[in-house]
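To start, the structure itself, in structure tokens.
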Amino acid sequence: KQWYQRRVRGMGDNSLKVPIRHGGLIKRSVAKSMTTIKAKFQHRFFKLFEDELTYWSEDGKRLKGSIKVCQMRACERVDKETFKRPYMFQVVYLSKNDRMRILYIQTSCFSTTKSWVEELNRLIDGTVGPDKYTHYHKGAFLKNLWTCCKNKDKYAAGCTSIPETDEARTVRLSRNISNVSTFSPGTRRRGDGSWDTIGRSSSPANFISDDEYTDDEL
């Protein structure tokens with residue numbers, strides 16, 4: 001605890017907030033030149049709050065990026081064969097211009113990955129609700145195809161369904177009850193349990209991998 005208190009000094013206004021989780025993790029980013037696109041894995045110090053996920057330089061002194069929970073649409077594990085790295089998960093989110101992006105993160109062990117994914121999903125379920133995606137890609141778009149489903153369409157919707165958590169089910173049921181009077185006579189219930197008019201959505205057509213961004217944008 002004392003080590004963490006010393007470390008957050010100099011982190012700006014964010015240091016006044018108490019994180020739910022924090023620790024050193026590895027994130028995937030992409031470095032671009034005029035002729036090449038090369039993926040990099042960098043050590044970052046992550047802090048998760050009730051309203052956002054932030055990551056800092058490895059020494060914890062420089063803020064490198066942040067994602068608001070209200071921007072997030074899914075958080076799931078990544079197939080270890082995708083990057084030949086174990087214990088990876090992904091955060092699917094909307095950028096400021098409403099384009100889809102994916103942040104790939106690696107932890108040191110299975111239990112740490114599980115804890116981060118569960119905590120992030122709890123926040124997403126409670127904040128995003130019906131806007132959370134029902135499908136995701138457990139791989140990545142590499143060498144012009146998705147490694148999981150071999151689809152060559154970079155903008156293809158997710159190929160793997162996301163199980164509904166207890167938190168998400170509770171939120172969905174409470175919202176369905178509060179909005180039951182707003183359903184039109186022609187409203188139909190989808191097979192995934194959502195509604196045509198206000199149900200959860202799958203990944204949209206403008207789905208974009210982090211392959212299209214530089215590290216400064218991440």
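The values are calculated or read from the model by the stated rules, or taken from the named source; none is laboratory data. Since we're looking at a predicted model, the values are computed, not measured. Every residue, glycine among them, receives a Cβ derived from its backbone with ideal geometry; neighbour counts consider all protein chains shown. Side chains are part of the model used for accessible areas, which takes the heavy atoms of the whole protein and leaves out ligands, DNA and RNA. Shrake-Rupley method; radii C 1.70, N 1.55, O 1.52, S 1.80 Å.
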Under 14 Å from a point 7 Å along the Cα-to-Cβ line of K17: which residues of the stretch 56-83 have their amide N that close?
-> 56, 63-72
Would you mind classifying the stretch 19-140 by shape? Square roots of the alpha carbon gyration tensor eigenvalues, ordered a ≥ b ≥ c; an a/c under 1.5 is rounded, otherwise it is prolate if a/b is larger than b/c and oblate if not.
-> rounded
In whole angstrom, how far apart do the alpha carbon centroids of the stretch 39-64 and the stretch 103-133 sit?
-> 16 Å
Modelled FRET efficiency - R0 22 Å, R169 with E118, Cβ distances, 0.05 increments = 0.90
Point-to-point label distance, D79-D51, nm (Cα→Cβ direction, 7 Å offset) | 3.9 nm
Packing-based order for 131-137, 118-124, using average beta carbon neighbours within 10 Å, highest first | 131-137, 118-124
How many Å² of accessible area per residue for the stretch 19-143, probe 1.4 Å?
-> 45 Å²
Out-of-range pairs (alpha-carbon distance over 21 Å; input K27/K150; K84/K150; K27/K84; K27/K138; K17/K47) = K27/K150
Residues whose modelled amide H sits under 5 Å from the amide H of K138, counting only those 5 or more places away in sequence or on another chain, are C159, T160
